[in-house]
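Working notes, structure below.
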Amino acid sequence: MNPIPKLTSLGQSIWYDNIERRLLENGELAAMIARGDIRGVTSNPSIFQNAIAKSHDYDSALVPLAWAGWTPEPIFWQLAIEDIQAACDLFRPLYDETDGGDGYVSLEVSPYLAYKTEETVRQAAELWERVNRPNLMIKIPATEAGLPAIRQALARGINVNVTLIFSIERYRAVMDAYLSGLEDRLAAGHDIRRLASVASFFVSRMDSKVDPRLPAGSPLRGKVAIANAKLAYQAYLEVFGGERFARLKAQGARIQRPLWASTSTKNPAYPDTLYVDELIGPDTVNTVPPKTLAAFKDHGTARQTLTAGVDEARQVLANLAAVGISLDEVTRELEEEGVQKFADAFTALLETIDQHRREAVDALGDLWTPTVGRVAEWKADDAPRRIWEPDPAFWTDDPDGQAEIRIRTGWLEAPVASRALAAEARSFGEQIRAEGIRKALLIGMGGSSLAPEVISRVFADRLDGFQFAILD
């Protein structure tokens, strides 16, 4: 039996640590949401690198940007924002249904900015504005430079997913940044009721770092990461059960949910659902990659485990210190390595995009330079907005020509306006079949014959012997 419904009833949300255009376009992500398998999505540079480098799913969107003269990093942000917007829209019903409790999609700031506070705040604000979805979360790393950026972003009303937390001490600083951000926003006279945040505490990487330093057969192997996470949850209970948060809660503040990240099992000797089974508790999130989600659905165990064995967890960390392993040193190394890992993935991602960009430019040949110039002219002339309005002056200054253009731009609204005609078209089709008519001849010109021809070819397998011909 699928344990996810019970897991959800215990107060934990499963978020999917993966995003790729294929899932958005083939309906798979929508189906996962509908089944209740996932209640949010997280992304990072490694995920986007895997999605873009290992498929051609992004070519149709990337090529026009390359032809327009865009460079790799702006191309990436445009592709990522399109994916994030689409995912946010899929999760929006869940977000509304839970009054903002779930249904979030996370987009990370550039890992190149991990040690730059002001640049992080600027990019967080820019991404928040460009995505323009209330169920977006901007991921900001919990570096020392990231802490004030987290506070400032929250004070601006930006939902924040704090990432790359490894130590309990740093986690306390993250919670302080969250509360301070809410206090700053209140002091400025703004509402805090819809502001949301999660604190992503990385788990399995701890065991991957500590285990090799322990003697073979040590009873501490595979125990430190879960112990560290359980004590982090105790810190969460203390802070969000305290007077400071109570004052904010009275103003409508939400808790900052702990999120367990890096929960795939790195050591094949450990159960593949270890970092899900052992970290289940109320008001938490576990973000899982595809293999871990599949494993948990198949044989995971849903029971409240996060508050069990707390004294044993303290003893595990005490024993770790007793054998000469400094948890402070381990978490410092993990943070540095985490930042570097994402930066390396981002560099590889931009190199992949640049390779695709150069291929697109080469395919255009001598036309590339004039194309870039023409696109730049259209951008300067505000072409997208003027076409969409529509502004007839974009095409001509001639009054007669402008009058003609005004009646020739209905195609802009066709995707919306045509929906009202669907029932009538379906009824007409049913009438034709009921009367035994099996052949149709369309006499038209231009679009009035081209569109039906395209539709008839796309849905040829549904004609069921009906003969359709066109005279153009």
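The values are calculated or read from the model by the stated rules, or taken from the named source; none is laboratory data. This one's a predicted model, so the numbers in the text were calculated from it and none came from an experiment. Cβ: placed from backbone, ideal geometry, glycine included. Neighbour counts: every protein chain shown. Surface areas here come from the heavy atoms of the whole protein model, side chains and all, with no ligands, DNA or RNA. Shrake-Rupley method; radii C 1.70, N 1.55, O 1.52, S 1.80 Å.
Pairs of Cα atoms nearer than 8 Å and 6+ residues apart set the relative contact order; for the chain it is 17 percent.
What is the helix-to-structure angle for 422-434, meaning the angle in degrees between its Cα long axis and the longest Cα principal axis of the chain, kept from 0 to 90 and rounded to the nearest 10? Relative to the chain, helix 422-434 is tipped by roughly 60 degrees.
Mean projected area of the convex hull spanned by the Cα atoms of the stretch 238-287, taken over all viewing directions: 4.2 nm². Each Lys or Arg adds one and each Asp or Glu takes one away; over the other residues whose Cβ falls under 12 Å from the Cβ of I165, this sums to +2. The spacing between the stretch 199-237 and the stretch 281-308, judged by their C-alpha centroids, is 17 Å. Excluding the site residues themselves, the longest part of the chain lacking any GluC sites (Glu not before Pro) in a DSSP loop with at most 16 other Cβ atoms within 10 Å is 145-412.
Quick check for me: using +1 on Lys/Arg Cβ and -1 on Asp/Glu Cβ, what's the dipole size of the stretch 66-129 about its Cα centre, in debye to the nearest 20? Working shown, then result.
Values: 3 positive and 13 negative charges, 55 e Å.
Using Cβ point charges on Lys, Arg, Asp and Glu, the stretch 66-129 gives about 260 debye.
Just to confirm a number: summing +1 for Lys and Arg and -1 for Asp and Glu over residues other than Y270 whose beta-carbon lies under 15 angstrom from that of Y270, what do you get? Residues near Y270 contribute +1 overall.
For I280, nonlocal amide neighbours, meaning residues 5 or more places apart or on other chains whose placed amide H falls under 5 Å from its own, are T305, L306.
Against the chain, whose longest principal axis is taken from its Cα atoms, helix 447-458 shows a tilt of about 50°.
Where [x] 22.7; [y] 28.9; [z] 25.6 are the candidate values, the label of the one calculated here for Kirkwood radius over Cα pairs in Å is [z].
3J(HN,Hα) along the stretch 262-278, derived from phi through the Karplus expression 6.51 cos²θ - 1.76 cosθ + 1.60 where θ = phi - 60°, amounts to 6, 9, 7, 7, 7, 8, x, 6, 9, x, 6, 10, 3, 8, 9, 3, 8 Hz, with x in place of Gly and Pro.
Applying 1/(1 + (r/R0)^6) with R0 = 35 Å to the Cβ-Cβ distance of T71 and R35 gives a FRET efficiency near 0.30.
What is the Cα radius of gyration of the stretch 361-472 over 2.2 N^0.38 Å, N being its residue count? Please report the intermediate quantities before stating the final value.
Numbers: Rg = 20.4 Å, N = 112, 2.2 N^0.38 = 13.2 Å.
Relative to the 2.2 N^0.38 Å estimate, the stretch 361-472 comes out at 1.55.
Run the numbers on the stretch 336-472 and let me know its relative contact order in percent, using alpha-carbon pairs under 8 Å that are six or more apart. Please list the in-between numbers first.
Working: 48 pairs, mean separation 20.4, N = 137.
Rounded, it is 15 percent for the stretch 336-472.
For the stretch 78-127, which whole percent of the accessible surface, found with a 1.4 angstrom probe, sits on carbon and sulfur atoms?
Numbers: 870 of 1840 Å².
For the stretch 78-127, the apolar C and S fraction of the accessible surface comes to 47 percent.
Could you please report the charge total around G281, scoring K, R as +1 and D, E as -1 over all other residues with beta-carbon less than 11 angstrom from its beta-carbon? Could you put the intermediate results ahead of the total?
Values: positive: K230, R257, R303; negative: E278, D283.
Around G281, the surrounding residues sum to +1.
Quick check for me: using +1 on Lys/Arg Cβ and -1 on Asp/Glu Cβ, what's the dipole size of the chain about its Cα centre, in debye to the nearest 20? Before the final figure, lay out the partial values.
Numbers: 52 positive and 66 negative charges, 290 e Å.
Computed charge dipole of the chain: roughly 1400 debye.
Each residue of the stretch 164-171 was assigned a 3J(HN,Hα) from its phi angle through the Karplus curve 6.51 cos²θ - 1.76 cosθ + 1.60 (θ = phi - 60°); the sequence is 6, 9, 10, 9, 5, 4, 5, 4 Hz, with glycine and proline shown as x. Positive end of the dipole of the chain (Cβ unit charges, origin at the Cα centre): among N26, L350, L10, the Cα lying farthest that way belongs to L10. Here the Karplus curve 6.51 cos²θ - 1.76 cosθ + 1.60, taken at θ = phi - 60°, turns the phi angles of the stretch 120-125 into couplings of 5, 4, 5, 5, 4, 5 Hz, with x standing for Gly and Pro. Computed from Cα atoms, the angle from the helix 72-97 axis to the main principal axis of the chain rounds to 80 degrees. Summarising the overall dimensions of the stretch 245-317 from its C-alpha atoms, the Rg and Dmax are 15.1, 48 angstrom.
Please identify the chymotrypsin sites (Phe, Trp or Tyr not before Pro) of the stretch 381-423 that satisfy two criteria: DSSP loop assignment and at most 14 other Cβ atoms within 10 Å. Which are they? Working shown, then result.
Working: sites: W388, F394, W395, W411; in loops: W395.
Taking the stretch 381-423 and a limit of 14 other Cβ atoms within 10 Å, no loop chymotrypsin sites (Phe, Trp or Tyr not before Pro) are found.
Normalised by the number of residues in the stretch 45-119, the average gap of Cα pairs under 8 Å and 6 or more apart makes the relative contact order 21 percent.
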